[in-house]
1. Work out which GluC sites (Glu not before Pro) in the chain are exposed loop sites (DSSP not H, G, I, E or B, at most 13 other Cβ within 10 Å) and give the longest gap free of them.
2. Between residue 255 and residue 49, what is the FRET efficiency for a Förster distance of 35 Å, r being their Cβ-Cβ separation, to the nearest 0.05?
3. Just check segment 155-256 against the gyration tensor rule for me: Cα atoms, a ≥ b ≥ c as the square roots of the eigenvalues, rounded for a/c under 1.5, and otherwise prolate or oblate depending on whether a/b exceeds b/c.
4. So in the chain, what percent of DSSP beta bridges are antiparallel if you round to the nearest 5?
5. Could you tell me which residue out of 181, 167, 199 lies farthest along the dipole of segment 160-203 toward its positive end? Charges go on the beta carbon: Lys and Arg +1, Asp and Glu -1, centred on the Cα centre.
6. Counting other C-beta atoms within 10 Å, and keeping those with at most 11, which DSSP coil chymotrypsin sites (Phe, Trp or Tyr not before Pro) do you find in segment 31-105?
7. Relative to the longest principal Cα axis of the chain, at what angle does helix 220-232 sit, 0 to 90 degrees, rounded to 10?
8. Could you identify which residue out of 96, 81, 27 has the top mean-square fluctuation in a GNM of the chain using Cα springs shorter than 10 Å?
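The values are calculated or read from the model by the stated rules, or taken from the named source; none is laboratory data. Remember, predicted model here, so these are calculated numbers, not experimental data. Here the Cβ positions follow ideal geometry from the backbone for every residue, glycine too, while neighbour counts run over all protein chains shown. What goes into the accessible areas is simple: the full protein's heavy atoms, side chains included, and nothing from ligands, DNA or RNA. Shrake-Rupley method; radii C 1.70, N 1.55, O 1.52, S 1.80 Å.
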Amino acid sequence: MTDTAHVFDATAARFEEEVIRKSLEVPVLVDFWATWCAPCKTLGPILEKLAAEYHGAFVVAKVDVDQEQELAAAFQIRSVPTMVLFKDGQMLGAIPGALPEGQLREMLAQVGVEPAEAPAEEALPEAAAPVDPHEEVMRLRKAIEAAPDKDELKLDLALALLQTGAAVEAEQLLDKLPANLATDDRTIKARARLGFAALLHDAPAVETLEAAIATDPGDLRARHLLGVRRLVGGDAEAGLAQFIEMLRRDRAYGDGLARKSLIDAFRVVEDDDLVGRVRRQMSALLLV
């Protein structure tokens with residue numbers, strides 16, 4: 001049994017009550033899986049992690065297709081893993097395959113699922129003082145010398161190097177990571193940071209971009225580069241504001257550049273409240 005606060009095993013006998021009726025209160029993500037399925041073993045822990053992190057904003061119902069053949073047949077499950085999402089008593093769709101964590105977060109956001117606040121008893125302690133990235137780079141280099149086969153340390157080093165601006169070395173480390181770490185959520189975020197940094201090669205200075213926008217508020221190229229500069233420079237809110245303004249003015253510009261930039265930025269920005277607020281602004285503009 002896998003039952004926890006937000007993850008449970010679903011059966012045909014109780015599917016109506018535990019999934020369909022439950023989805024009237026909170027979205028239910030049904031995970032059709034099997035014990036012999038290797039990708040299922042990757043997806044399952046990610047779903048359990050997200051369910052815990054979202055504090056009940058959605059729940060996961062796990063269905064073993066070998067044990068629950070009736071349910072698998074009813075939903076025409078042809079391969080595992082397959083996820084089926086229920087909300088407001090309705091099935092929204094089926095998603096085959098094991099999606100990485102970043103895409104799962106995006107999928108949940110698209111149907112309005114955002115992390116809920118932790119109950120008081122689950123509140124996290126105050127965060128420790130931020131670590132100096134240069135000191136962290138030195139520490140990790142020594143740790144890798146002592147344990148050169150630990151690829152997790154190399155990912156940690158790449159992330160620390162990005163904080164110091166050493167993008168070239170960071171990218172080289174990321175390129176050499178094994179497959180299991182190449183799809184890690186932290187690696188995806190690091191790739192997004194590198195993508196933004198690359199856009200600034202030979203880009204005009206902030207003052208030049210601001211002057212261009214003041215002269216022509218519809219200069220979306222200048223807005224995009226200013227947004228990237230603000231984001232890379234640490235002012236996430238100002239950067240996202242430029243991308244939102246691009247979307248408001250012309251969502252088709254640059255083959256949907258504003259939307260793409262926002263989605264990449266959501267992978268980079270650590271402020272969940274800010275990301276949630278801007279996601280809702282983006283959704284409202286896209287639905288107009």
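1. 127-269
2. E between residue 255 and residue 49, to the nearest 0.05, is 0.55.
3. Prolate, since a/c reaches 1.5 and a/b exceeds b/c.
4. If I count the DSSP bridges inside the chain, around 55 percent turn out antiparallel.
5. Checked the options; the winner is 181.
6. Those satisfying the criteria are 36.
7. The two axes meet at around 80 degrees.
8. Of 96, 81, 27, the Gaussian network model singles out 96 as fluctuating most.
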